[in-house]
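Engineer: Structure below; questions to follow.
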Amino acid sequence: MDFHGIDLNLLAAFDALMKERNVSRAATQVGVSQPAMSAALARLRKLTGDPLFIRSSEGLLPTARARDLEAPVAQALRHIETALVKQPAFAPEEAAITFTLGLSDYPAFVLLPLLQKALKQQARGVELKVVEFTSRDSAVDLLDAGEIDAAIGVPPTQQEGRIITQPILKDEFVTAIRRDHPAARRGMDLQTYLSLEHVLVSPEGDRHGVVDQALALMNLRREIALSLPQMFAAPMIVAQTDLVTTLLKRVALNSPAQGALALFPPPVVLAEVWFGLIWHRRNDTHPAQVWLRNLIKSVAASLD
């Protein structure tokens, strides 16, 4: 943008002179020396082709040209200050904005209904758009490309300085089997567990899940009859077959098939799974983005 050689500091000097009607006080307000303010006034006069201020016993008296400039200069300074210095507060109840979230299956199922309810209570003009991803590192690509405002999922495999991840939600594994299966009456010890055929839930398409890793440490393996990426299909399948599955507890408890399932602690030690809120550092301080992330964290905390 070409300002034809105009020093924008002159706008601040003019505004201060209009308010103070005194070179010394105007210099103090702007934070420059009196000679510097006098020099600014001389430049303003040259720029406008008008004396702008006339000395009198009552101080500097603005000319008609100066009075014409007073309002637009003050308004321009307010716009510059708002754009570069003061970030406007985000008012969710007045906002008309669309946020785009990257969600894996689990947070879409567990968090999204509560998040949508909270949005309609606090910000009826806010629209939510959801982009699905399965590979945990896809969230980083989507954030880098600016295609999403934030993501919720298992943290990326690589720590990137530009990507911020904050754990917000955890869950534990349970083993699920049909309630009237003979093994459900006996209990789920390791021997029974290994005697059954399994459903492996792997959103990323792996054939070797966390259960298989734990069993491998004991030189054991299980028989996998079905591998699928949709974790929420698994309870329905198990409820109607002789298969067994090990999956996150909230998935089983919130399934329509929950009443037909028997749930047991897995017979192998499995760590809890954490889901993180993931965002790009360039959005870290943006008021609307901060508000959205705080709302997501509040909704996630209500599940504990």
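The values are calculated or read from the model by the stated rules, or taken from the named source; none is laboratory data. Quick caveat, the model's predicted, so the values are computed rather than measured. Glycine also receives a Cβ, built like all others from the backbone with ideal geometry; neighbour counts cover every protein chain displayed.
Engineer: Quick check on my filter: what residues within the stretch 277-303 are closer than 23 Å to residue 249 by Cα, of a type outside the set (A, V, I, L, M) and at pLDDT 95 or above?
Structural biologist: Result: 297, 298.
Engineer: Can you tell me how many residues in the stretch 243-266 are part of a loop (DSSP other than H, G, I, E, B), of a type outside the set (A, V, I, L, M) and modelled with pLDDT of 95 or more?
Structural biologist: The number of residues fulfilling the criteria is 2.
Engineer: All but one of (1) closer than 26 Å to residue 303 by Cα; (2) out of contact with any strand residue (DSSP E or B) (no Cβ under 7 Å at 6 or more places or on another chain); (3) surrounded by fewer than 16 Cβ atoms within 10 Å (Cβ to Cβ) hold for residue 131; which doesn't?
Structural biologist: Only one criterion in (1) closer than 26 Å to residue 303 by Cα; (2) out of contact with any strand residue (DSSP E or B) (no Cβ under 7 Å at 6 or more places or on another chain); (3) surrounded by fewer than 16 Cβ atoms within 10 Å (Cβ to Cβ) is unmet by residue 131, namely (2).
Engineer: Find the helices (runs of 4 or more DSSP H) located wholly in the stretch 176-242 whose residues include 2 or more that are in contact with a strand residue (DSSP E or B) (Cβ under 7 Å, 6 or more places away or on another chain) and modelled with pLDDT under 95, and list them.
Structural biologist: Ranges flagged: 182-186.
Engineer: Now a separate question. Just the residues that are touching a Ser or Thr at 6+ places or on another chain (Cβ under 9 Å) and at negative phi, please, taken from the stretch 203-221.
Structural biologist: 203, 204, 206, 207, 208, 209, 210, 211
Engineer: Go through (1) under 24 Å from residue 178 (Cα atoms); (2) touching a helix residue (DSSP H, G or I) at 6+ places or on another chain (Cβ under 8 Å) and name the single condition residue 295 misses.
Structural biologist: It is condition (1) that residue 295 fails.
Engineer: Which one of 69, 17, 41, 101 is in the same structural domain as residue 143 (by TED's automatic domain parsing), at pLDDT 90 or above and either on the phi > 0 side of the Ramachandran plot or surrounded by 13 or more Cβ atoms within 10 Å (Cβ to Cβ) (or both)? Spell out how you get there, then give the answer.
Structural biologist: Numbers: 69 fails: in the same structural domain as residue 143 (by TED's automatic domain parsing); 17 fails: in the same structural domain as residue 143 (by TED's automatic domain parsing); 41 fails: in the same structural domain as residue 143 (by TED's automatic domain parsing).
Residue meeting the stated conditions: 101.
Engineer: Taking residue 230, is it in contact (Cβ under 8 Å) with a residue 24 or more places away in the chain, within 26 Å of residue 104 (Cβ to Cβ), of a type outside the set (D, E, K, R) and loosely packed, with under 14 Cβ neighbours inside 10 Å?
Structural biologist: Yes; evaluated as a whole, the condition is true for this residue.
Engineer: Something else: Is there a residue in the stretch 186-193 that is surrounded by 14 or more Cβ atoms within 10 Å (Cβ to Cβ) and within 21 Å of residue 133 (Cβ to Cβ)?
Structural biologist: no
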